[in-house]
Amino acid sequence: MSDFLQQVDATVRAAVAEDQAFSDLMPRLMNDSRGVPTTVLNTAMTTMGEGIAAAPPNLGCWLAIIAGAWVENGATTFGVEEPVLDRLLAVARDGVAFAESWKRATGGAPPHPDGQPSQEIVDTVSRDFADPVAAMMSWFAMEKYALSANTMLSASPGLRASVTDREGKAELVGRLAEHCDKMGWVARLLRVLEGERLLVLDRASHRGWTVGISGIGDTFQLHVLLAGALLGRPGGIPGDPVPDEVIAWFTDTDVPDRGPIVSSTWNLVDAHGEWIYNEGVPADIPAVAGTRVVVLDPPSYSRSFPAGRKHPMMTGRLTLEGLHLAEDLGEWWPHIPAANNPGG
């Protein structure tokens with residue numbers, strides 16, 4: 001254990017110091033960490049996080065990739081998740097400026113982020129940056145930070161819950177999705193609500209429920225987990241219960257190779273009568289008096305979609321936290337309009 005931790009420390013120090021030895025130490029650490037017990041990797045994470053925070057982006061991104069691989073193999077995100085996300089956001093800010101500078105200088109699209117640095121690239125953007133080399137290095141580190149941030153946000157409910165200015169950060173990162181699709185992944189994860197409570201209202205019975213959600217990546221997943229919590233359940237809605245296997249596919253279990261098709265028994269609308277589109281996310285649902293409201297209506301047409309989660313590494317949860325009888329919701333229903341059918 002001590003030898004491995006010394007190896008981690010040496011690799012991190014080389015990255016922070018921009019020591020040429022890093023080019024040998026990094027692949028050796030990546031290889032030697034295979035088979036290392038998770039408890040040892042957990043111990044190394046704080047040091048890795050310090051390196052990710054302090055190293056220049058072109059070297060720190062490799063530490064982020066290694067830490068992400070460890071997390072995917074069962075290690076903790078503690079110690080690395082915040083540095084990875086902080087660096088990803090810093091690289092995104094630099095990346096937006098780099099892309100704009102490149103377009104001003106050339107009129108075209110910037111080089112692909114998985115390409116190679118060059119003096120020509122430095123010269124192209126040099127008028128807009130005090131340190132054009134650092135700007136270029138951030139651009140070419142973007143994809144690796146995005147891969148690691150995708151892992152950290154998927155694996156850590158705590159990190160998702162800690163995100164402030166969620167929409168602003170998602171918009172920033174999303175601006176780079178046209179150049180790096182993995183930044184689009186991160187932008188979507190930044191919008192995932194964590195520990196949020198929704199008020200779910202059933203128009204047919206005028207009853208409602210408070211539910212807590214975690215790790216729900218799109219409205220398809222919300223449909224299924226709501227049905228799993230309410231259909232055929234005590235205090236819920238009459239109907240056939242959703243099979244446990246189906247709920248698992250939308251919670252934490254991979255779908256079979258030939259992905260099954262599932263269907264929804266409802267049309268979901270918001271408190272203003274507008275449709276909640278399946279391709280959207282719970283963060284799109286508007287809040288009323290600080291609470292996002294979902295209204296269950298009969299389906300206007302059959303909704304079927306492939307089973308599975310938008311983000312396969314992220315565990316989804318929906319828990320019933322309270323039942324509200326019709327008489328408890330008397331002040332709500334007069335303000336809930338009928339669904340506005342966008343088809344006419």
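From the list 255, 246, the lone residue that is touching a Phe, Trp or Tyr at 6+ places or on another chain (Cβ under 6 Å), aliphatic (A, V, I, L, M) and surrounded by 14 or more Cβ atoms within 10 Å (Cβ to Cβ) is 255. What do you reckon, is residue 70 in contact (Cβ under 8 Å) with a residue 12 or more places away in the chain, of a type in the set (Phe, Trp, Tyr) and under 13 Å from residue 152 (Cβ atoms)? For residue 70, the condition - in contact (Cβ under 8 Å) with a residue 12 or more places away in the chain, of a type in the set (Phe, Trp, Tyr) and under 13 Å from residue 152 (Cβ atoms) - is met. Checking segment 84-101 against the condition returns no match, with no residue being at pLDDT 95 or above, open to solvent by less than 20 Å² (accessible area, probe 1.4 Å) and in contact with a Gly (Cβ under 6 Å, 6 or more places away or on another chain). Every condition in (1) modelled with pLDDT of 95 or more; (2) more than 19 Å from residue 212 (Cβ to Cβ) is met by residue 295 except one, and the failing one is (2). As a summary of the residue check, residue 279 satisfies the conditions (1) open to solvent by less than 50 Å² (accessible area, probe 1.4 Å); (2) closer than 28 Å to residue 72 by Cα except for the one numbered (1).
Counting only residues that are assigned to a loop (DSSP other than H, G, I, E, B) and open to solvent by less than 50 Å² (accessible area, probe 1.4 Å), which one in segment 311-330 is modelled with the lowest pLDDT?
First, the residues of segment 311-330 that are assigned to a loop (DSSP other than H, G, I, E, B): 311-316, 325, 330.
Checking the rest, the ones that are also open to solvent by less than 50 Å² (accessible area, probe 1.4 Å) come to 311, 314, 316, 330.
Values: 311: 96, 314: 98, 316: 98, 330: 91.
Taking the candidates together, the pick is 330.
Taking segment 128-169 as the range and being touching a Lys or Arg at 6+ places or on another chain (Cβ under 8 Å) and open to solvent by 10 Å² or more (accessible area, probe 1.4 Å) as the test, the residues that pass are 128, 143, 147, 150, 163, 166, 167.
If the requirement is being part of a loop (DSSP other than H, G, I, E, B) and within 26 Å of residue 322 (Cβ to Cβ), which of these qualifies: 259, 228, 239?
Values: 259 fails: within 26 Å of residue 322 (Cβ to Cβ); 228 fails: part of a loop (DSSP other than H, G, I, E, B).
One residue alone meets the criteria, 239.
Does residue 195 fit the bill of being closer than 25 Å to residue 323 by Cα, free of Cβ contacts under 8 Å to residues at least 40 places away in the same chain and small (Gly, Ala, Ser)? It is true that residue 195 is closer than 25 Å to residue 323 by Cα, free of Cβ contacts under 8 Å to residues at least 40 places away in the same chain and small (Gly, Ala, Ser). Open to solvent by 40 Å² or more (accessible area, probe 1.4 Å), in contact (Cβ under 8 Å) with a residue 60 or more places away in the chain and not in a helix (DSSP H, G or I) - does that describe any residue in segment 210-220? No, that holds for no residue.
Of all residues in segment 282-309, those satisfying the criterion of being part of a strand (DSSP E or B), among the aliphatic types (A, V, I, L, M) and open to solvent by 20 Å² or more (accessible area, probe 1.4 Å) are 287, 288.
The values are calculated or read from the model by the stated rules, or taken from the named source; none is laboratory data. These figures come from a predicted structure and were not determined experimentally. Please note: Cβ atoms are built from the backbone with ideal geometry, for glycine as well, and neighbour counts cover all protein chains shown. Heads up: the accessible areas ignore ligands, DNA and RNA and are worked out on the full protein's heavy atoms, side chains in. Shrake-Rupley method; radii C 1.70, N 1.55, O 1.52, S 1.80 Å.
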